[in-house]
Structures are given as C-alpha cells and as structure tokens.
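Comments concern the structure below.
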Amino acid sequence: MNKCWNEKIEFMSRDEMHALQSERLVSQVKRVYENVPFYRAKMDKEGVLPGDIKSIDDLGKLPFTTKQDLRDNYPFGLFATPMDEVVRIHASSGTTGKQTVVGYTAKDLEIWSECVARGFTMNGADSSSIVQVSYGYGLFTGGLGAHYGAEYMGATVVPTSVGNTARQIQLMVDFGATVLCCTPSYATYLGETMRDMGIDKSQLKLKLGVFGAEPWTEPMRDRIEELLGIEAHDIYGLSEIMGPGVSMDCREKNGLHVWEDHFVPEIINPDTGENIGADVNGELVFTTLTKEALPLIRYRTRDVSRISYKPCSCGRTAVKMAKPSGRTDDMLIIRGVNVFPSQIESALLEVEEVEPNYLLIVDREDTHDTMEIQIEVSPENFADNVRGLEALTKKVSGKIQSTLGLAAKIHLVEPKTLQRSEGKAARVIDKRKLY
Amino acid sequence: MVVKQISVFVENTSGRLAKVTKILAEKNIDIQALCIADTTDFGILRMIVNKPDEAKAAIREAGFAVKTTEVIAVSIEDAPGGLNKAMQILAESDIGIEYMYAFTEKRRNDALVILRVENNEDAAKALEKGGVPVIPGEVIYNL
C-alpha cells in the first residue's frame, strides 16, 4: 500500500463513508439553521427544516448557495460562529468591487491543514520533505493553505511566495527543496528561467510538484514534469469551501480524490439544478460537513466537472472529480487571479473619457498569461498628440490594475469597431488552451 | 493666419490608411502635406488638405475619430540654414514645438513648414518679426 496520512478515512468503505457523511450533514444543517439567519430564512421559505434531513441522501432537499449570496452578506453575514472564534480571514475577488470573504476557526484551519497533508502524503511527501511554497501569501488561500498543510505534515517549509524568480531558483538549489507548490504556469516559468540561468534539473532535489489555483492541461503537466524532472500533481480548491486541498490527484493522475468526509460533491445541471449523478459533466456543487466559521450548503462552484465512484488503483475509496473542464459563468482565471468581465466594465466606467465598451483578449505567451483590453478612441477623447493618447491608456491601465490587481495592456482602437453589448461572451476572447 | 490640419486616429493595421485616402479620393480632395506619428498600436495621420471642413466631415462619417487642429505654416528658404533661422527665433522666444513637418511645392521656390506650437499667435508674431513669413491657410489650401 502506498503512503497515506489518514488510513481510516482515506480507505473507508463506501457504507462507512455514507454513515459518516449522514451523521455530519444532519448536525451541520441543524447548526447552520440555528446560527445563520440567511439559511434559516432560505430553508423556511423552501419549507425544509433540519428535521427533514436524516441522511446524506436528503442533500437534494436543501437549497443552493451562490457567490451572490456571499456578496449579499458581505463581509461576515454568513459566518456561523461569533467573531472571537474566527482566527483567519481570506478573500477572493467577486464579480464587482466587493471581495468574497471567508473565515476559519482554529478547528477549520486544522482540518484544512490535514486535507492538504493528505494530498502531499498521497504523493510521497512526508516530514522529511522540504516544501517550497511559491504561491502568493495573503488574502489568496494558496500560500497559507499549502504552508499550513506542509507544516502540519511536519515538513520544512520555505515560504518564498511569488516573484524574484532567480532567487527562488537559487534557494531551491541551495536548500534542496523536494516539493514545490505554485501555480502550474509559474512552475513552467521557473523551469524555463532555470534553464536560461544554466541550472540543470539534476542540480535540484525536487521530486513532487503540487500545482493548482488555475486550470491546466495534461500536455502542460508533461511539460512541467520534463522541465523540472518531477511528478506534477493537481490540487483543487476554492476559498468559499476551504482553499486548496478540497481534492487532489493521486498517482493515477486521472482525477482528484475529494476529501468527502469534509466536503460532499454533487454534479448538477446548471440550468435546472437537478442532480445528474456520476460520470456525466455538469456543475460541481459542494456541501461542507465540518466547517465551523463558514459552513456552506450546496455551494455552486460554477466549475464544470464530473465525479466518479469507480475504484482507484491507489486504493482510496474517496470519489474522484475530473479536472474542471470549464466554467458555467464568465469568470476567467488569469495568472491565478479570478477575473470577471463585469469588473473590467466597472473599472472603465470610472474613467470618464472612455466608453465602457471593451474587448478583453487573454492569451498565453509561453507561460505567462497576457491580458489586452481594447477600448475605443472617440471623437471626444481623441487628442491630436501621442502623449495625450498615451496618458489616456495609462489612466485606464492604472484603473484596471487597482481593480483587478493585474496589469493589462490597453490597446486603443478606432471608434465603433468593438461589438456593442449583446451578451458578455462577445467581450472576451480567451486564446489560451486551458481545458 | 492659421491653417486647419486634419488629424485622424488610425489603428496600426494594414489597410487603414488606404481607407482614409480612398475617402479623400472619392471626394476629390487634394492632400497638400501629410505626416504620421506612429506608436506600436496606433498612428495619428495629420494632413493639410485643400478642403479641410469637407474632408473632416467625410472622414468622420466613415467612422474615424478625427479632429481639426490649428497649426501655422511658415515659408523658409529652400537652402542650407533656412530651417535653422525659424528654429532659432522660436527657441529665443521660448516657444516649444509639439511637432512639425515640412514640404515643398513645385510652383514655389521656398519650402513650407507646418508647426504645431502651444500658442499660434505668439509664434506667428515672433516669426514674422524675425523675417520668416507666415503663410495663411487660404494660400496653403490653394497650392
């Protein structure tokens, strides 16, 4: 048998898992109903009471939760515990200016850490590992999520965060990191920079890469494995549910085991909300079973995936979800940052010289996501000098930078050449081959 | 005294200039002088034409961002030191030049320089005083 962190849970029979999930769901629903006015009102309205939930099979009776619900209850309205029990806040970008805020109790953090530790251990890491965390640290869950998981496992953590790539590579060589955690695009960038610096992968002790926070493809996995001489594994998560570590792929690399004792996945038809079962693509929905600070019932992730209960050669009984193959909304993930086209529109509305008509072109140059925003020159904002037009593009790019936290190239185009607003899809061209 | 210059925003893609010149050709508008300020993404096409108001209307109708800018035209001797004379006068008068371009006309012996400066009136006065003739728009349009 391969290594595991929590043998009892990871190899639990389906019947035992069903019983555990049922028991946890019943108490979670009761707690949520009692402590979160939003859920109480929603359940009352739908005529579902905690007593109606007797096992995990009753999950479908419960209402969904959406990102909009989190926004409507900004910042802490959905928390189920008093603030003095909340020990950590994270946040991710929402569809407009407001962030999606999540909170954790000490127990939530411990469970999160354990979930990440399970994923690391499943792929060969242990307390002797040296884990370099090159995810961003901050409100984003990537850095601290991987950090706490690796530390919980007893590994040595090197918290390099993002940036200063040459130094990262030097430290990776000098400290002998055996595990690397970052976004897959940054992993490729590290590998290529290393090559440019004349450092051969044989000088590294890296064995394992744990990559997530953005979609990536199998060819990209092959490329990273080749560049860095490692096994590259996919880690999935979202801050609303917890952060990275909700699921992770095992040696089979054909799906991510979901830690079902804490998060129950469902696949639904995004249009009807109907549960469509296993082995079919649909929208991934999660219910948290043990979260204290921010328990969420049937949270719609907007990620397109499918789940499979087929036995896995690694022996784990936990359901596997497919690598997400798209979104059911218009969210884009650019350099690991969630971007909604509506954010671009609201940023443009703040620059009075320009119309909120735009075309967003996302591409990937080598490993780096690029973002170009085309806006129209108008008879009003057209200045007969290059300086004036450059000042305009600078003003717009500054506004985009402060709204999204991402740099964008602003490209001025002739008047009335951009398609007028008839549906958002026309405003975005994503040339990256991510799915 | 001033000359109306037509400025057009053109994207840096092939065929855009051709579109503008086609409009002018169809309207039978004569281009006296032109220059292009270019950047990576876009260019500003600046032109002196015989019928500036008509040209502007036609180009705008075709969907371009177009603007009229008042510039001045001066006549300089088409010989070594000709341009220098005008430049020295402006420098001494502390008048900055935003951009300029020059052209010659076969029926004239001089060279013509289009100047975009901050204050046309001050510049024209200084140049005239220094012996550099400022050519009115009507003359330029009808070259």
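The values are calculated or read from the model by the stated rules, or taken from the named source; none is laboratory data. Nothing here was measured: the structure is a model prediction, and the numbers come from that model. Because the Cβ atoms are built from the backbone with ideal geometry, glycine has one as well, and the counts that use them run over all protein chains shown. In case anyone asks, the SASA skips ligands and DNA or RNA and just uses the protein heavy atoms, side chains included. Shrake-Rupley method; radii C 1.70, N 1.55, O 1.52, S 1.80 Å.
Within region B:32-49, being surrounded by fewer than 16 Cβ atoms within 10 Å (Cβ to Cβ) and either away from chain A (no Cβ under 11 Å) or part of a strand (DSSP E or B) (or both) holds for B:Ile36, B:Asp38. Among the residues of region A:320-334, the ones that are closer than 21 Å to A:Lys67 by Cβ, assigned to a loop (DSSP other than H, G, I, E, B), in contact with a Lys or Arg (Cβ under 9 Å, 6 or more places away or on another chain) and of a type outside the set (Ser, Thr, Tyr) come to 3 in all. Entry remark, region B:78-95: residues being out of contact with any helix residue (DSSP H, G or I) (no Cβ under 8 Å at 6 or more places or on another chain), assigned to a loop (DSSP other than H, G, I, E, B) and either under 22 Å from A:Gly388 (Cβ atoms) or open to solvent by less than 90 Å² (accessible area, probe 1.4 Å) (or both) number 2 in total. Being charged (D, E, K, R) and at pLDDT 95 or above is the requirement here; does A:Asp57 meet it? So A:Asp57 passes the test.
Each row is one residue, and each column tells you yes or no for (1) surrounded by fewer than 22 Cβ atoms within 10 Å (Cβ to Cβ); (2) over 16 Å from the mean Cα position of the chain (by Cα); (3) modelled with pLDDT of 95 or more; (4) aromatic (Phe, Trp, Tyr).
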| site | (1), (2), (3), (4) |
| --- | --- |
| A:Phe286 | no, no, yes, yes |
| A:Leu294 | no, yes, yes, no |
| A:Arg298 | yes, yes, yes, no |
| A:Arg306 | yes, yes, yes, no |
| A:Thr317 | yes, yes, yes, no |
| A:Lys320 | no, yes, yes, no |
| A:Ser325 | yes, no, no, no |
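In region B:56-75, the qualifying residues are those that are out of contact with any helix residue (DSSP H, G or I) (no Cβ under 7 Å at 6 or more places or on another chain) and assigned to a strand (DSSP E or B), and the one that is farthest from the other protein chains (Cβ to nearest Cβ) is B:Ser75.
Residues that are surrounded by fewer than 16 Cβ atoms within 10 Å (Cβ to Cβ) and over 20 Å from B:Glu11 (Cβ atoms) do not occur anywhere in region A:372-384.
Here B:Asp53 meets the list (1) under 17 Å from the mean Cα position of the chain (by Cα); (2) more than 12 Å from every other protein chain (Cβ to nearest Cβ); (3) surrounded by 14 or more Cβ atoms within 10 Å (Cβ to Cβ) almost entirely, failing just condition (3).
Picking from residues in region B:105-126 that are over 12 Å from the mean Cα position of the chain (by Cα) and assigned to a strand (DSSP E or B), the one that is farthest from the other protein chains (Cβ to nearest Cβ) is B:Asp110. For region A:162-191, the set of residues classified as in a loop (DSSP other than H, G, I, E, B), at pLDDT below 95 and under 25 Å from A:Thr217 (Cα atoms) consists of A:Val162, A:Gly163, A:Thr183, listed by residue number. Scanning region A:224-244 turns up no residue that is β-branched (Val, Ile, Thr), in a loop (DSSP other than H, G, I, E, B) and either surrounded by fewer than 20 Cβ atoms within 10 Å (Cβ to Cβ) or touching a His at 6+ places or on another chain (Cβ under 6 Å) (or both).
Taking region A:126-163 as the range and being surrounded by fewer than 22 Cβ atoms within 10 Å (Cβ to Cβ) and aromatic (Phe, Trp, Tyr) as the test, the residues that pass are A:Tyr137, A:Tyr152. In region B:5-21, is there at least one residue being open to solvent by less than 50 Å² (accessible area, probe 1.4 Å), more than 14 Å from every other protein chain (Cβ to nearest Cβ) and either over 19 Å from A:Thr417 (Cα atoms) or modelled with pLDDT under 95 (or both)? No: zero hits. Of everything listed in (1) free of Cβ contacts under 8 Å to residues at least 24 places away in the same chain; (2) surrounded by fewer than 17 Cβ atoms within 10 Å (Cβ to Cβ); (3) more than 22 Å from A:Thr217 (Cα to Cα), the single unmet condition for A:Glu365 is (3). For A:Asp363, indicate whether it is over 28 Å from B:Arg116 (Cβ atoms), of a type in the set (D, E, K, R) and touching a Lys or Arg at 6+ places or on another chain (Cβ under 8 Å). Taking the combined requirement at face value, the residue satisfies it. When the criteria are applied in full, B:Met1 fails the requirement of being within 14 Å of another protein chain (Cβ to nearest Cβ), surrounded by 14 or more Cβ atoms within 10 Å (Cβ to Cβ) and touching a residue at least 12 places away in the same chain (Cβ under 8 Å).
Say whether the condition of being over 30 Å from A:Pro311 (Cα atoms) and more than 20 Å from the chain's Cα centre (by Cα) is met by at least one residue in region A:210-220.
Keep residues of region A:210-220 that are over 30 Å from A:Pro311 (Cα atoms), which gives none.
No - not one qualifying residue is present in region A:210-220.
Considering region A:7-125, the qualifying helices (runs of 4 or more DSSP H), each wholly inside and each with 2 or more residues that are over 30 Å from A:His147 (Cα atoms) and open to solvent by 50 Å² or more (accessible area, probe 1.4 Å), run over A:14-35, A:37-46. Scanning region A:252-263 finds one or more residues that are open to solvent by less than 10 Å² (accessible area, probe 1.4 Å), hydrophobic (A, V, I, L, M, F, W, C), in contact with a helix residue (DSSP H, G or I) (Cβ under 8 Å, 6 or more places away or on another chain) and closer than 19 Å to A:Tyr148 by Cα.
Look at B:Lys67 and say whether it is basic (Lys, Arg) and buried (at least 17 other Cβ atoms within 10 Å of the Cβ). Spelling it out, B:Lys67 is indeed basic (Lys, Arg) and buried (at least 17 other Cβ atoms within 10 Å of the Cβ).
For A:Ala391, are the conditions met, namely being surrounded by fewer than 16 Cβ atoms within 10 Å (Cβ to Cβ) and within 14 Å of chain B (Cβ to nearest Cβ)? So A:Ala391 passes the test. Residues in region B:100-120 that are closer than 10 Å to B:Ile72 by Cα and without any contact (Cβ under 8 Å) to a residue 24 or more places away in the chain: B:Met100 alone. Might you let me know whether region B:112-132 holds any residue that is assigned by TED's automatic domain parsing to the domain that holds B:Ser7, open to solvent by less than 40 Å² (accessible area, probe 1.4 Å) and touching a Gly at 6+ places or on another chain (Cβ under 9 Å)? No, region B:112-132 has no match at all.
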